[in-house]
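Every number here is computed from the coordinates shown, using simple stated rules; none is lab data. Keep in mind that what you see is a predicted model, and the values were worked out from it rather than measured. Here the Cβ positions follow ideal geometry from the backbone for every residue, glycine too, while neighbour counts run over all protein chains shown.
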Amino acid sequence: MRKLKQKKICEELTNFDEIVAKDYKTAEVCSPKIGNNSTTIVEKAQLDIDEETVVKTMSNMSAYIWSRNNRKLKGKPYAFDGEHPVQKRPFLIQPLEDDSPYKSFRKCRQVGVSEISVTEALWFLDVNNHSKVCYTLPSGRQVQDFSNTRVAPAIDESDYLLSLKGQIQNVNLKQIRDSFMFLRSGALERLGEGKIGRAHV
């Protein structure tokens with residue numbers, strides 16, 4: 001899912017909390033995993049690119065960095081270490097950054113997993129143009145509620161995502177750039193049929 005074709009500054013990024021829109025002076029990157037996996041501090045000047053390009057490239061590589069720069073939640077900046085309850089969930093960083101092809105969660109309710117799932121889907125649509133994401137829920141009513149209360153607000157609260165918002169915006173289909181998020185019910189097999197084609201699920 002995350003084998004992106006964008007040119008990379010480095011092989012891996014660490015200390016993501018420090019690499020946000022407020023601080024571009026240095027980026028701590030992993031050198032090749034040899035010996036004790038030492039790290040190297042790379043000065044921004046050495047990269048010979050401007051700050052906007054640094055942020056864009058890092059955001060393309062990381063759903064976490066992308067969310068810190070481009071999303072809001074309940075009117076507040078999307079964060080994992082803030083004071084507000086919706087911003088105090090550092091345990092969500094790891095699953096958001098996990099690039100495993102399959103993920104599963106054992107959790108209680110209302111801990112932010114749905115939000116990071118929406119975030120990852122929107123990030124993927126943004127950095128992979130002409131792509132499709134299929135988001136499934138158990139019933140049609142849940143699709144409607146989820147689309148209206150989670151997906152639509154995630155787009156509408158973000159000036160960045162609003163600037164990418166395509167013409168097609170309804171309960172079952174959201175357009176970001178030239179990419180699409182399909183929201184479908186999994187109650188019946190035929191409900192997933194249609195012009196979806198190959199999509200990331």
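Numbers for the structure displayed
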quantity	calculated
Exceeding the 25 Å Cα-Cα cut-off - candidates Lys56/Lys76; Lys56/Lys165; Lys72/Lys165; Lys76/Lys103; Lys107/Lys165; Lys76/Lys174	Lys76/Lys103; Lys107/Lys165
Gain on full stretching of the segment that runs from Lys107 to His84 - 0.36 nm per residue minus C-alpha separation	6.2 nm
Contour excess over end-to-end distance, with Cα ends at Asp178 and Ser139 and 0.36 nm allotted per residue	11.3 nm
Orientation-averaged projected area, Cα convex hull of segment 62-192 (nm²)	8.1
Fully extended contour minus Cα-Cα distance, from Asn129 to Lys165, at 0.36 nm per residue	11.7 nm
Neighbourhood charge, 12 Å Cβ-Cβ cut-off, centred on Asn148 and excluding it, Lys, Arg +1 and Asp, Glu -1	+1
Neighbourhood net charge (11 Å Cβ-Cβ; Lys/Arg +1, Asp/Glu -1) for Gly166	+2
